[in-house]
Ligand code: XMP
């Protein structure tokens, strides 16, 4: 079933744009999503989510550390209703750009029983992380778990409806991306845009 959120998702073509002036680096191939595209889509997402969730019911917003920190901060600035906000932490890439074992770096501390939960993550790749989060949070008996990701790499999950977020900012082609919270070896998180990592960086020290 296609949710309204999915229907509004922007699809980013596989076209590498010039890295904005001042941000050029030999480790960056170029830009995939601009800062202004991100900001306008984040605003839209916040409106979409608030128009569809029962905002008069208890809701806990749970950004996933660390990659979603900028996305979540910008998204919740548009949140007009009462909510609790806490964080969970997972790491799936270890020291490479290839997904590995999922490790909980910050477990749930908040009581989510009989509450709606909105999980905010940076990127859905194979979908394992979101699946693990759903399974773990379900054990705490929330009323419902809603998921929102900024980016969804479409190639790896195409043909499968198993791993989808309820709300997706952008569907992107399969590149290792950095910026707007996403890092490579702890670098590039501060970029206001989504960039593509140079292929010669892959396989070493990505977080
Ligand atoms: P899965 O495969 O579990 O992956 O859906 C989701 C998590 O993997 C990380 N990830 C990336 N991090 N650039 C990054 O900096 C990428 O292109 C990328 N792809 C996946 C990320 O932590 C995400 O939560």
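Read-outs throughout are calculated quantities, based only on the coordinates presented, and are distinct from any laboratory measurement. Owing to the predicted nature of the structure, the values given are computational and were not obtained by experimental measurement.
In whole Å, what is the distance between the alpha-carbon centres of segment 44-72 and segment 11-32? Here the two parts' Cα centres lie 28 Å apart. From its DSSP helices (H runs of at least four residues, each -39,500 (n - 2.57)), the chain gives a residue-normalised ellipticity at 222 nm of -6000 deg cm²/dmol. Kirkwood hydrodynamic radius computed over the chain comes to 17.3 Å, based on all pairs of distinct alpha carbons. Taking all Cα pairs closer than 8 Å and separated by 6 or more residues, the relative contact order of segment 6-201 comes to 27 percent. Where a ≥ b ≥ c are the square roots of the eigenvalues of the C-alpha gyration tensor, would you call segment 15-110 rounded, which needs a/c under 1.5, or, failing that, prolate if a/b is larger than b/c, or oblate? Verdict is oblate for segment 15-110. Between residue 136 and residue 200, full extension at 0.36 nm per residue minus the direct alpha carbon distance yields a gain of 19.4 nm. For the chain, the longest principal axis of the C-alpha atoms and the axis of helix 35-52 are separated by about 20°. Let me make sure I get this right: for segment 30-81, a, b and c are the square roots of the gyration tensor eigenvalues over alpha carbons, sorted descending. Under 1.5 in a/c it's rounded, otherwise prolate if a/b > b/c, else oblate. Which is it? Since a/c reaches 1.5 but b/c is at least a/b, the shape of segment 30-81 is classed as oblate.
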